[in-house]
Amino acid sequence: MIKLFFIYMHNKIKHLFFSILLVFPASVFAFKLPVDNPMPEIISIPQFIKSVLDIVFKIGIPVSAIFLAWAGYLFVTAQGEPAQITKARNALLWGVIGTAIVLGSWLISTAIQGTIESIAR
């Protein structure tokens with residue numbers, strides 16, 4: 001009986017959530033308010049993408065360093081236990097993959113931006 005009540009309430013909450021998602025955009029567009037650019041120094045899409053990737057890079061590199069340090073800590077505390085060493089290797093692997101993704105995104109965006117700027121000249 002209690003389980004049926006929770007399923008019923010879960011469905012009601014889900015329906016309420018999706019109803020709000022459908023109605024909210026309509027209410028937002030009903031108002032004609034002037035919207036100012038919150039970033040006036042950004043006037044093009046490439047500048048916007050570069051600024052977003054700069055933020056991701058500034059956050060991603062310290063997070064990657066923390067994950068790599070955590071993997072090192074796991075290796076030190078494993079003390080020869082195979083399960084703990086496997087856990088540490090997986091942490092190191094995913095830390096390196098995350099670092100490669102962050103650095104790769106920066107490299108690709110810089111290359112694309114350089115190519116676009118050279119074509120535009």
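No lab work stands behind these numbers, since they all come straight from the coordinates. Just so it is clear, the model here is predicted, and its values are computed rather than measured. Here the Cβ is made from the backbone with ideal geometry for all residues, glycine too, and neighbour counts use every protein chain on show.
Tallying residues that are closer than 28 Å to residue 49 by Cα and either surrounded by fewer than 14 Cβ atoms within 10 Å (Cβ to Cβ) or touching an Asp or Glu at 6+ places or on another chain (Cβ under 8 Å) (or both) within the range 64-92 yields 2.
To keep it simple, each residue is scored yes or no on (1) touching a residue at least 12 places away in the same chain (Cβ under 8 Å); (2) under 21 Å from the mean Cα position of the chain (by Cα).
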{"site": "63", "(1), (2)": "yes, yes"}
{"site": "80", "(1), (2)": "no, no"}
{"site": "83", "(1), (2)": "no, no"}
{"site": "93", "(1), (2)": "no, yes"}
{"site": "98", "(1), (2)": "yes, yes"}
{"site": "102", "(1), (2)": "yes, yes"}
{"site": "105", "(1), (2)": "yes, yes"}
{"site": "111", "(1), (2)": "no, no"}
{"site": "115", "(1), (2)": "no, no"}
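One residue stands out among those in the range 93-121 that are surrounded by 12 or more Cβ atoms within 10 Å (Cβ to Cβ) and polar (S, T, N, Q): the one that is farthest from residue 52 (Cα to Cα), which is 99. Looking for something among the aromatic types (Phe, Trp, Tyr) and in a helix (DSSP H, G or I) - is there at least one such residue anywhere in the range 31-44? No, because not a single residue in the range 31-44 is among the aromatic types (Phe, Trp, Tyr) and in a helix (DSSP H, G or I). If you filter the range 47-93 down to residues that are in a helix (DSSP H, G or I) and polar (S, T, N, Q), you find that the one that is nearest to residue 103 (Cα to Cα) is 64.
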